[in-house]
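In what follows, a structure is listed as C-alpha cells, so that the remarks can point back to it.
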Amino acid sequence: MNFWKSAALEIYTHIRAQRLTSIHKTMNKSTHHTTREACIALDQQDPLRAMREAFVLPASTIYLDGNSLGALPKATAAAVAKVVTQEWGQDLIQSWNTAGWFMSPQHQGNRLASIVGAGTGELVITDTTSVNLYKVLCAAAELARKQHPSKRVLLSEASNFPTDLYMAQSVCKHYDLRLELTDAKDLASALNGDVAVLMLTHVNYRTGAMYDMAGVTHAAHAVGALTVWDLAHSAGAVPVDLSSANADYAVGCGYKYLNGGPGAPAFVWANPRVVSATKQPLSGWWGHALPFAFEASYVPQIGIDQYLCGTQSMLAMAAMACGLDVFEQANASGGMPAIRAKSLALTDLFMGLCEARCTAFGLINVTPTAHQMRGSHVSLATPNGGYAMIQALIARGVVGDFRGGAATGEADLLRFGFTPLYNRFVDVWDAVEHMVCMLQANEWQRSEFNRTQVVT
Ligand SMILES: *Cc1c(COP(=O)(O)O)cnc(C)c1O
C-alpha cells in the first residue's frame, strides 16, 4: 500500500515547489502537464480501479458528493426490480419468509458489521440515523441514570450535525439532562465528572476532522460517561473498529459512503456489554420478543433486535444490500485498508493542488492535513460566494456541495467528498482545473448561480 503514500507525496511536494509560479500561471496547463499524467499513472496502478465499473456514473460529471449521496451501483436497478416484480408481484406476502425479508435488517446488518468492526448479531439496519440516535441516546441516558444518578450532562460538539443536536435536545428534556456543547479542542476539559453521555460524530460533517474513537471512548469511560458515536461520515469511508474501541453505542447512515440510495435505511449498534441493560424507547412490534404471538404487552427481544421498531421498506433494503455487495467485491482488492489508503492519497492530492492553485482566490483548506485526524472529505473555507461557487462548479460538471456557516458563526464551506470506490486521481486533477478556471473567470458572480435552492 505504501506506493500510494509515496506517489501522492511526490505529487504533493512537486506541487508545493511549483506554488509560486502556478499561482500566476493557473491557466497554463503545460505547467502541470506532467502532474496530470502522473494522476493518470496513479489510476493505472490503482488496485481499486475496477470498482468504478460497479457504478453508474454520468459521463461528463466528476462526482465529489458521495459523502452526501453515494453513487448508484449498477446492480441496484435490477435487484430492486426483482423485489418489485417477483418477490412482491408474484410471491406476495410469502416473501417475508421465502425471500428473507423479515430477517433482512439482521442479515444485512451482519454484512455491514464487518465494515465498522462490530460482531455478528450486534448491528441492525433499520430506520433513519435521526431515529436511531433517539433510541440509543435514550438507552444511554437511562443506563447512565441507573449507574450514576448524579450525572446531569449530555455532552456533544457545537459543530455536530444539527439533527444530532436536535435529537439530543429532546432526549435531554425527557431525561432531565443538560445539553452542553464544546469545541473539539476543548473536549478534554469539557469531559468532566458531570457527563453522563458523550455523543460525537466520528468524522465532522463540515470539516472532515476525525476523532480518535478509542482514545476518546477511553477518556469518557474514565469519567464514567457512556459514548454514542455517529458514523455517518465514517462507515465505508474510514476503518472503524467499534469493538476494539470499546464504544457503547453507534449509529450511521446508509446513503452516504455505503451507496444504499436516497433515504436508505440507517444502522444501529450497541456493545453487547450494554445492549440489554436498558430498553430503547420506541417499543414497536419488530423489537418484541415474539412479534407474531401478538401479545398485548411489550416484551423486548434480547440483544440488538430490540432496536427494531416497525416494518422496514424492502425496496430500500434491496438497494442497501447492493451497496454492501460492492464492499464485499472490494475485499478482493484490499477492502477497507485499500479504500483508506486511496482516500488519503486522493485527499492529499486535492489539498496539495488547492493549496497551490486556489489559495490566491481566498479558498482556505479547513480539513486537518494529518492523516489520522481526517475522514474522506475536504472542505475549503471562503469569505463569500461559496454557494454560487458550488453552483458554478456543478454547471461545469463538478459536483460538490455547500455548507453555510452563517447560522452558527462559522465559515462558509465548499465541501468535496472522495469515494475511493469510484473517484480517480485524474478526477481530482480535473476538478481543481475546473475550480481554477471558474474562479479566474468569476463565473460564480453570474445571477443564475446565486439563486438558492431547497437542498444545498
Ligand atoms: C447525514 C447525517 C445524518 C442524517 O440523518 P437522517 O436521519 O438520515 O436524515 C445524521 N447525522 C450526521 C452526522 C450526518 O452526517
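Points worth noting:
To keep it simple, each residue is scored yes or no on (1) closer than 18 Å to His107 by Cα; (2) part of a loop (DSSP other than H, G, I, E, B).
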{"position": "His218", "(1), (2)": "no, no"}
{"position": "His233", "(1), (2)": "no, yes"}
{"position": "Val240", "(1), (2)": "no, yes"}
{"position": "Val251", "(1), (2)": "yes, no"}
{"position": "Lys256", "(1), (2)": "no, yes"}
{"position": "Asn259", "(1), (2)": "yes, yes"}
{"position": "Ala264", "(1), (2)": "yes, yes"}
{"position": "Trp269", "(1), (2)": "yes, no"}
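- If you go through region 84-127 and keep only what is over 15 Å from Ala319 (Cα atoms), among the small types (Gly, Ala, Ser) and assigned to a helix (DSSP H, G or I), you end up with Ser95, Ala113.
- Here Gly362 passes the criteria (1) more than 18 Å from Gly236 (Cβ to Cβ); (2) in contact with a helix residue (DSSP H, G or I) (Cβ under 6 Å, 6 or more places away or on another chain) except the one numbered (2).
- Screening the candidates Asp194, Asp230, Asp248, Asp183 for the property of being away from the ligand (no atom under 11 Å from the Cβ), under 20 Å from Gln372 (Cβ atoms) and not hydrophobic (A, V, I, L, M, F, W, C) yields one hit, Asp183.
- Set Ala118, Ala168, Ala99, Ala141: member being away from the ligand (no atom under 16 Å from the Cβ), under 17 Å from His202 (Cβ atoms) and not charged (D, E, K, R): Ala118
- Output for region 413-456, where each listed residue is surrounded by 18 or more Cβ atoms within 10 Å (Cβ to Cβ) and hydroxyl-bearing (Ser, Thr, Tyr): Thr419, Tyr422
- Complete set of residues in region 144-159 that are touching a residue at least 60 places away in the same chain (Cβ under 8 Å) and either crowded, with 17+ Cβ neighbours inside 10 Å or within 11 Å of the ligand (Cβ to nearest atom) (or both): Ala144, His148, Lys151, Leu155, Ser159
- Single residue of region 195-211 satisfying the filter (of a type in the set (Ser, Thr, Tyr) and assigned to a loop (DSSP other than H, G, I, E, B)) that is surrounded by the most Cβ atoms within 10 Å (Cβ to Cβ): Thr207
Just so you know, all these numbers are worked out from the coordinates, no wet-lab data involved. Keep in mind it's a predicted model, so treat the numbers as computed, not measured. Don't worry about glycine lacking a Cβ; one is built from the backbone with ideal geometry, like all the others, and counts go over all protein chains shown.
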